[in-house]
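Here, each number is a calculation from the coordinates, and none is a lab measurement. Keep in mind the model is a prediction, meaning the values are calculated, not measured.
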Amino acid sequence: MTTLRWGLLFMLKYPHVLRRVQAEIDDVIGRGRLPCMADQDNMPYTRATITEVQRVADIVPLSVPHRTTTELQLGGYVIPAGTAILANLTAILNDPKHFPEPEKFRPERHLDERGDFVKNQALIPFSIGEITCTAARWRHQGKENTVTSPVKRLQR
Ligand code: HEM
Ligand SMILES: *[C@@H]1O[C@H](CO)[C@@H](O)[C@H](O)[C@H]1NC(C)=O
């Protein structure tokens, strides 16, 4: 819900993005039916927009604390067993190495020169490692796209 709210906010703030998403929805889905997950592959701009909303919304900034079960070495540090570990997702989602001008809301950064969607390995709103968000694995099974549907209903 939080990401959805951020998405609607960005659509209001950047009407040119909303218009491009709407145009793509009109093109690919039309008005006679609801979106389904299979549409995603044919809607790179909408997908890039949702991805950019997730990046900028950054709704779980420090992920969820984990704890080491054994001593380990990481980047030259020895981390004892039982150490609490927080992944700073904000730092990664705003790393200019991966996202130039990270403070800008720019869906195009997730598209290549042909307009195809590109997955950025640093786009990790659901955290990283063995244990991540359970819901992130369901998205492939979903029938209705929760972001596209409300935007579709904003149509004139
Ligand atoms: C865009 C929305 C969401 C974001 C950005 C998000 C992000 C996260 C993050 C960062 C974690 C911590 C992973 C870790 O342990 O390092 C997590 C865990 C989890 N999330 Fe989400 N989440 C979202 C939506 C949801 C939804 C809708 C559900 C359920 C309906 C959900 C269920 C869970 C569960 C069950 C875990 C615990 C996984 C585990 O410990 O095995 N999440 N989520
Ligand atoms: C996480 O990273 C951000 C951006 O680099 C930084 O401002 C913030 O202080 C970091 N948080 C923690 C707890 O280190």
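A few comments on the model shown:
- The GNM of the chain, with springs linking C-alpha atoms under 10 angstrom apart, assigns the highest mean-square fluctuation among H66, H98, H110 to H66.
- Most fluctuating residue given options R20, R106, R67, as computed from a GNM of the chain linking Cα atoms under 10 Å: R67
- Taking amide H positions as modeled 1.01 Å from N, with prolines and chain starts lacking one, the residues under 5 Å from I79 and 5 or more places away or on another chain are L72, Q73, L74.
- Remark: C-alpha extents of the chain on the principal axes read 58, 32, 27 Å, sorted largest to smallest.
- Taking 18 Å as the straight-line reach from the Cα of K97, the aspartates and glutamates in range (excluding those fewer than 8 positions away in the same chain) are E52, D58, E108, D112.
- Amide H contacts of L111 (H built 1.01 Å from N, under 5 Å, at least 5 apart or other chain): V118
- Nearest 10 degrees, 0 to 90: helix 2-13 Cα axis against the chain principal axis: 50
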